[in-house]
Amino acid sequence: MSADLKVVSLPREGWREPVATLRLIADQMESGEIEACSIGAMVMIYESGGVGLFGFGPKAEDLQTLAAFKIGEQLMVDTILNGE
């Protein structure tokens, strides 16, 4: 998988309401503020403790979705460790 990666900052405040956050991301994609995704990966932990995993987008086959999860994981680790 070859791609140019762009990190989109997700501020810690203002993103606490899941439904509003997902709508905001969709609105930003539709307006062109952020690019439409070819592969998306999302994890949600429900109030019950269950885990939901979502892979989406026109190129979201299993291996590409797994790669997106791993890239996102590494970006998050780097951000946390660098204090950004």
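Here is a list of conditions, (1) outside any helix (DSSP H, G or I); (2) aliphatic (A, V, I, L, M); (3) farther than 22 Å from Glu17 by Cα, and Leu66 meets all of them except one; can you say which number that is?
For Leu66, the exception is condition (1).
Quick one: what pairs do we get from segment 13-26, first residue within 16 Å of Ala41 (Cα to Cα), second surrounded by 11 or more Cβ atoms within 10 Å (Cβ to Cβ), C-beta under 6 Å, 6+ apart or different chains?
The qualifying pairs are Thr21/Trp15.
Taking segment 1-38 as the region of interest, how many residues are modelled with pLDDT under 90 and in contact with a Lys or Arg (Cβ under 6 Å, 6 or more places away or on another chain)?
0
Any residue in segment 18-36 that is surrounded by 10 or more Cβ atoms within 10 Å (Cβ to Cβ), in a strand (DSSP E or B) and not acidic (Asp, Glu)?
Within segment 18-36 (the criterion being surrounded by 10 or more Cβ atoms within 10 Å (Cβ to Cβ), in a strand (DSSP E or B) and not acidic (Asp, Glu)), the answer is no, since none of the residues qualifies.
The values are calculated or read from the model by the stated rules, or taken from the named source; none is laboratory data. Just so we're clear, the structure is a prediction, and the values are computed from it rather than from any experiment. Glycine also receives a Cβ, built like all others from the backbone with ideal geometry; neighbour counts cover every protein chain displayed.
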